[in-house]
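Novice: Got a structure for you, written out below as structure tokens; questions coming shortly.
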Amino acid sequence: MKINSIDYSGSIVDGPGIRTVLFVQGCKRKCEDCHNPSTWDIDKGKEFDIEDIVEDLRKKCLNKKLTISGGEPLLQYPAILELVKNLDDFNIVLYTSFEFDDVPKEILHYLDYIKVGKYIKEQRSTIIPFMGSNNQKFIELRGGEIEIN
Ligand code: SF4
């Protein structure tokens with residue numbers, strides 16, 4: 001799996017609580033004002049085995065709160081699915097630019113929350129928790145698919 005970086009410093013803006021953030025490499029959207037353009041090029045980043053990423057996360061992410069961001073994680077769907085299956089005891093947020101109906105359904109069983117929708121500069125928001133623009137949605141999954149925005 002191609003990743004850009006893992007931030008273990010503890011984010012409070014990428015989902016509920018203090019979270020480790022895994023930035024997946026590769027995105028074709030090219031949204032204007034993207035905060036992570038270094039994640040766009042799939043030929044950059046570094047290739048890791050899933051088992052090594054899992055081992056690192058288990059060692060360093062002690063509160064088991066993980067956000068998978070990017071880049072566009074679903075471009076590497078089989079690897080992301082394998083990763084979340086191996087972290088079934090973690091609280092996991094997935095940030096994707098896909099719309100909810102376009103997200104493969106199997107992965108939803110392994111996620112606690114999903115943020116869906118492309119970033120749109122003209123709809124930028126700094127007041128909605130965990131999102132960059134008003135068109136996006138942050139949806140609670142485990143515990144009953146409750147849409148909280
Ligand atoms: S989908 Fe996300 S990572 Fe990709 S260009 Fe848009 S804001 Fe950047």
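All of the numbers you see were taken from the coordinates with simple rules; none came from a lab. Quick caveat, the model's predicted, so the values are computed rather than measured. Here the Cβ positions follow ideal geometry from the backbone for every residue, glycine too, while neighbour counts run over all protein chains shown.
Novice: Considering only DSSP beta bridges with both partners in the chain, what is the antiparallel share in %, to the nearest 5?
Specialist: On the way: 14 of 25 bridges.
So the antiparallel bridges in the chain amount to around 55 percent.
Novice: So which lysines can Lys60 reach, going by Cα to Cα under 21 Å and dropping same-chain residues fewer than 8 places off?
Specialist: Cross-link targets: Lys2, Lys46, Lys85.
Novice: Given 0.36 nm per residue, what is the gain on full extension from Glu82 to Glu51 after removing their alpha carbon distance, in nm?
Specialist: 10.2 nm
Novice: Shifting gears a bit: Pop out the ³J(HN,Hα) list for region 117-129 in order, Karplus 6.51 cos²θ - 1.76 cosθ + 1.60 with θ = phi - 60°, rounded to Hz; leave Gly and Pro as x.
Specialist: After applying 6.51 cos²θ - 1.76 cosθ + 1.60, I find x, 5, 6, 10, 3, 5, 10, 4, 9, 10, 10, 8, x Hz.
Novice: What size of dipole, in debye to the nearest 20, comes out for region 2-147 about its Cα centre when the only charges are +1 on Lys and Arg C-beta atoms and -1 on Asp and Glu C-beta atoms?
Specialist: My answer is approximately 380 debye.
Novice: Determine, for Phe100, Phe138, the number of other Cβ atoms within 10 Å of each Cβ, and report the residues in order from fewest to most. Show your work: numbers first, answer last.
Specialist: Values: Phe100 14, Phe138 20.
Ascending Cβ contact count within 10 Å gives the list Phe100, Phe138.
Novice: Oh, and also: Name the residue farthest towards the positive end of the dipole of the chain from the options Asn63, Cys34, Phe90, assuming +1 on Cβ of Lys and Arg, -1 on Cβ of Asp and Glu, about the Cα centre.
Specialist: So the residue furthest toward the plus end is Cys34.
Novice: Given R₀ = 22 Å, FRET efficiency for Ser38-Arg124 by Cβ-Cβ distance, to 0.05?
Specialist: Result of the calculation: an efficiency of 0.65.
Novice: Also: Which of the GluC sites (Glu not before Pro) found in region 16-66 are in a DSSP loop and have at most 15 neighbouring Cβ atoms, other than their own, within 10 Å?
Specialist: Those that pass, being in a loop and sparsely packed, are Glu32.
Novice: With 10 angstrom as the radius, rank Leu87, Leu81 by how many other C-beta atoms surround their C-beta, starting from the fewest. Write out the running numbers ahead of the final one.
Specialist: Values: Leu87 20, Leu81 16.
With the sparsest Cβ surroundings first, the list reads Leu81, Leu87.
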